[in-house]
Amino acid sequence: MTRWHRPLLTLAAAMALLLVACLVGLVVDDRTVTGLPVWAKPAKFALSTLVYAVTWAWLIALVRRHRPDIARRVGAAGTVAAVLLGVELVIIGGQALRGTTSHFNSTTTFDRTLFMVMAVSIVAVWLASAYVAAALFRVRSLDPARALAIRAGAVLAVVGMALAFLMTRPFPGQIEAGGAIIGAHTVGLPDGGPGLPLLGWSTEGGDLRIPHFVGMHALQALPLVLIVLELAARRIAVLRSTEVRRDLVGLAAVAYTLVLGLLTVQSLRGQSIVAPDALTVGLGAAIAVGTIVGAVVVLRRSAVRPGRNPQVADSLTVNTDPAEPSVP
C-alpha cells in the first residue's frame, strides 16, 4: 500500500470524511435542490471520487512497478487528477452549502464561474485518466486475463467519463428561454422530476448519468469478474486455464461495452431506465443471450482441449509479494 499514489490516497481519505459529513447533512438538513436532498449530490460524488481515487492509485502503482521509465509522468498525471477532483468536490460541497446546484448553473456570474472551473477541471482529469489508461498498455508482464480486465476496464472508464460531456450541451428550448441553466442530466424533461431513490435517476425521461456511471465503474466491474473467475478456478478445473479466463474476461468486456452503448442510446432517446420499450428490451435480451452462448462456446472449446495452460497464474485475489500493488 505504501507504493500506491499518495495524492490520490489523500483524496480518497478526504472523500471518506466528506461522505460522512454529507450523511450527517442528509439527516439534519431538510433543504432540497432539483427535488433531491441538498446533500445527496455531494454524497454521491464523494463516494464515486473515493472509488475512483483508490482504483487509479492502485493502477498508477502497477505502472510504476512494471514501467519505471514512465513512473514520473504517470505519477504527475495522478497528482493532476487528485488536485482537480478535490477542486471539483469543494465547489460541489460549497454550492450545496449555499442551497443551490453546482452543475449547469449560470444564475449569477459567481455560479457561472464556478461551473466553468469545474468544466476545465474535469477535462484535465479526463486527459490525465486517459494518459494512465494508455500507459497500462505498456505494461507487458501481467497474466493475459489480468491485463485484459485492467486495460478494458480503464478504457471503458475513460469512455464513461467522456459521456458526461453530453450533459453540458444546451438542450432544446434552454437558450431560447434565456434561463439560468444550460445543460441537463435528463433528456426530454427538465431536471428535478421523479427519480430513483438515492440515485435520483429520472423515472420519466432519459438520464445521461446512467451510462456515465456504468462506464466509469467498468474499472471496478471487469477486474471483479476476473476475481470471481479465479476464486471459482479453485473448484472448477476448466477455469484454471489462463486462456479460458482471458476469453471469458474478453467476452465480459464486449458485453459491458454493448450494454454501455445501449444505455447511452436509451438515454439520448429520452427513455427512462425503468420504462424500456420493446426495442431496448429486445437488444438487451440479445446481448444477454449472446454473452451466455459465447461463454458456453469458450468453456466447451476448452473442454475438448484439456491440459492446455491449466495454471492459475498471477492471481488478482492473492498477493504474496508485499511490493506488488493489490486490487483495491
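Here the Kirkwood formula puts the hydrodynamic radius of region 1-141 at 16.0 Å, using every distinct Cα pair. When each of the peptides 58-64, 199-205 is scored by the mean number of other C-beta atoms lying within 10 Å of its residues, the order from highest to lowest reads 58-64, 199-205.
Once C-alpha pairs closer than 8 Å and six or more residues apart are averaged by separation and normalised to the residue number of region 1-141, the relative contact order reads 28 percent.
Inter-label distance, LEU97 to ARG234: 4.7 nm, where each label sits 7 Å from its Cα along the C-beta direction.
What whole-number distance in Å separates the alpha-carbon centres of region 100-131 and region 214-229? Taking the Cα centre of region 214-229 as reference, the centre of region 100-131 is 28 Å away.
For the pair THR168 and LEU196, what calculated FRET efficiency results from E = 1/(1 + (r/R0)^6), where r is the Cβ-Cβ distance and R0 = 30 Å, to the nearest 0.05? The calculated FRET efficiency here is 0.85.
FRET efficiency for the pair ARG6 and VAL90, taken as 1/(1 + (r/R0)^6) with r the Cβ-Cβ distance and R0 = 25 Å, rounds to 0.80.
Modelled label positions at THR32 and ALA76, each set 7 Å beyond Cα in the direction of Cβ, lie 4.8 nm from each other.
Every number here is computed from the coordinates shown, using simple stated rules; none is lab data. As the structure is a prediction and not an experimental result, all values here were calculated from the model. Heads up, the Cβs are rebuilt from the backbone with ideal geometry, glycines too, and the neighbour counts pull from every protein chain shown.
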